[in-house]
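Input: a single structure, listed below in structure tokens.
All of the numbers you see were taken from the coordinates with simple rules; none came from a lab. Predicted model only: the values in this text are computed from it and were never measured. In this analysis, Cβ positions are derived from the backbone assuming ideal geometry, glycine residues included, and neighbour counts consider all displayed protein chains.
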Amino acid sequence: MKNKSSDRIAISLICKLFLLITLFGSCSTFQPLVITEVKNFKTANLLTNPEILFDLQVKNPNKFGVTIKRMGLNVLLAETSIATVEIPGKRKIKGATVVSLPIAIKPSASSLTIIAVSGFMDIFSGKEDKKLDLSGEILIRKFIFARKIKIQESIKL
């Protein structure tokens, strides 16, 4: 009788161990989200309450879906910080898809001056390449596992 109960315990432990290895093993292939491009870049309310609006394209290269728990971005133009964006709340992204995250930035008066001077200098220098630099981190979650992904992207406008 002892042999049957000890066999059941051993089989139960092996099954639990197999389940844990499978769960933790699947997390090791967790690939970070990728910002692919910025679309629909435009400005609004320039005279009253200026805003910079754009859609951030985010790709999930994993075969499974993830949830964006939080995203914090520092937006730079001409190597000068113009705004910080905090995107609270949850956003689910299915596996192997690209989603569009709408971003609205309300830069300060000093940031607007920097943007204007940068644009003015670009006109006279003949510079046509304008870059929007994004740096920060995204906190993503899958099941009970969470991971912070550092972002350092330079996007041509």
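Points worth noting:
- Highest average packing first - 4-16, 134-146, 101-113, Cβ atoms within 10 Å: 134-146, 101-113, 4-16
- Counting 0.36 nm for each residue step from Val99 to Ser6 and taking away their Cα separation leaves a gain of 28.3 nm.
- In a reduced charge model with +1 at each Lys and Arg Cβ and -1 at each Asp and Glu Cβ, region 31-156 shows a dipole moment near 960 debye about its Cα centre.
- The C-alpha radius of gyration of region 31-156, expressed as a fraction of 2.2 N^0.38 Å, stands at 1.15.
- Filter on Lys16/Lys90; Lys63/Lys148; Lys42/Lys90; Lys39/Lys148; Lys69/Lys130 - keep pairs with C-alpha separation over 28 Å: Lys16/Lys90; Lys69/Lys130
- Computed extension length for Ala109-Leu53: 18.5 nm, one decimal, from 0.36 nm per residue of separation with the Cα-Cα distance subtracted.
- Virtual paramagnetic centre 7 Å along Cα→Cβ of Glu37, amide N under 16 Å, in region 54-87: 54-60
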